[in-house]
1. In segment 126-155, what count of residues is obtained for those that are touching a strand residue (DSSP E or B) at 6+ places or on another chain (Cβ under 8 Å) and within 17 Å of E183 (Cβ to Cβ)?
2. Counting only residues that are assigned to a strand (DSSP E or B) and farther than 22 Å from N98 by Cβ, how many does segment 48-67 have?
3. Do any helices (runs of 4 or more DSSP H) entirely within segment 131-232 hold 2 or more residues that are among the basic types (K, R) and in contact with a helix residue (DSSP H, G or I) (Cβ under 8 Å, 6 or more places away or on another chain), and if so, which?
4. Would segment 209-227 turn up any residue that is surrounded by 17 or more Cβ atoms within 10 Å (Cβ to Cβ), of a type in the set (A, V, I, L, M, F, W, C) and touching a Pro at 6+ places or on another chain (Cβ under 9 Å)?
5. Can you tell me which residue within segment 1-24, out of those that are in a loop (DSSP other than H, G, I, E, B) and of a type in the set (S, T, Y), is farthest from I213 (Cα to Cα)?
6. Of the residues L123, L95, L106, L70, which single one is more than 22 Å from P182 (Cβ to Cβ) and either hydroxyl-bearing (S, T, Y) or part of a loop (DSSP other than H, G, I, E, B) (or both)?
7. How many residues are crowded, with 16+ Cβ neighbours inside 10 Å and on the phi < 0 side of the Ramachandran plot when one looks only at segment 32-53?
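The values are calculated or read from the model by the stated rules, or taken from the named source; none is laboratory data. These numbers come from a predicted model, not from an experiment. Neighbour counts run over all protein chains shown; Cβ positions are idealised from the backbone, glycine included.
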Amino acid sequence: MKLSIIIPVYNEEMTIGELLDRVIRVDLGDIEREIIVADDGSTDTSAAVAETRRRQWPNLIHIHTNPINLGKGAAVRLGLHHATGDIMLIQDADLELNPEEYGSLLQPIFDGETNVVYGSRFLNAKKEDISLRTRLANRFLTILTNILYGARLSDMETAYKVFRREALDGIRLRCVQFDFEPEITARLCRAGQKIVEVPISYNPRRADEGKKISWIDGVEAIYTLLRIRFFG
């Protein structure tokens, strides 16, 4: 069994080094793994920081780069293209999510319960750190997803998404920005994939700390959900 950890990166020089260190330290037992850094045209020192770690761990870390900034979806798709694992896990380059929770994210797949696992921030008892704006926006988009696709999710927009390789067979992803999240969820649901959620912790950062998502991305998410539901 091999796990591909895909890390989309755009201008994360303050966090990418520590994040890679945390991912490397995760104990996954006998599971083989690869870490794929998908740099989306960063203009800061993110690529240099990642390259320093790659030199330390040349058989573990692989770096692939988009020549210009296209968006998170494009970076994830770049990582998926180069992934060789049986299971693929998406890990944001910031420090909002904890790599030590990989075990709980992978367990439903190992148990044969599902081929797709989402880490839900809203199944965790500690929600006080999540802003009201974030909770309301995510709740609306998740309810819309559930209505349109017959899903039973609590956190569609989560960054922690894990898949067996075969779950993506026949699924063509087109979105290049943050609309990747609703797109992949919609297409997995249309393909009949069962999505199991597990609770995860969450350490949100502010816009002045590098948070990139905005209300425009929420509008794009609504459009993406409606477009795929009614036009495929």
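1. Number satisfying all stated conditions: 3.
2. Residues in segment 48-67 being assigned to a strand (DSSP E or B) and farther than 22 Å from N98 by Cβ: 5 in total.
3. Helices (runs of 4 or more DSSP H) meeting the threshold: 180-190.
4. Within segment 209-227, one or more residues are surrounded by 17 or more Cβ atoms within 10 Å (Cβ to Cβ), of a type in the set (A, V, I, L, M, F, W, C) and touching a Pro at 6+ places or on another chain (Cβ under 9 Å).
5. From segment 1-24, those in a loop (DSSP other than H, G, I, E, B) are 1, 10-15; that's our starting set.
Still in the list and also of a type in the set (S, T, Y): 10, 15.
Values: Y10: 12, T15: 17 Å.
Looking at the filtered set, the residue picked out is T15.
6. Only one candidate passes the filter, namely L95.
7. First, the residues of segment 32-53 that are crowded, with 16+ Cβ neighbours inside 10 Å: 33-42, 45-47, 49-50, 53.
Then keep just the ones that are on the phi < 0 side of the Ramachandran plot; that gives 33-40, 42, 45-47, 49-50, 53.
Qualifying residue count, segment 32-53: 15.
So that you can scan it fast, the table gives a plain yes or no per residue for (1) free of Cβ contacts under 8 Å to residues at least 12 places away in the same chain; (2) touching a Lys or Arg at 6+ places or on another chain (Cβ under 7 Å); (3) within 15 Å of P99 (Cα to Cα); (4) not acidic (D, E):
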residue	(1), (2), (3), (4)
Y10	no, no, no, yes
M14	no, no, no, yes
G17	no, yes, yes, yes
I24	no, no, yes, yes
D27	yes, no, yes, no
I35	no, no, yes, yes
A38	no, no, no, yes
G41	no, no, no, yes
S46	no, no, no, yes
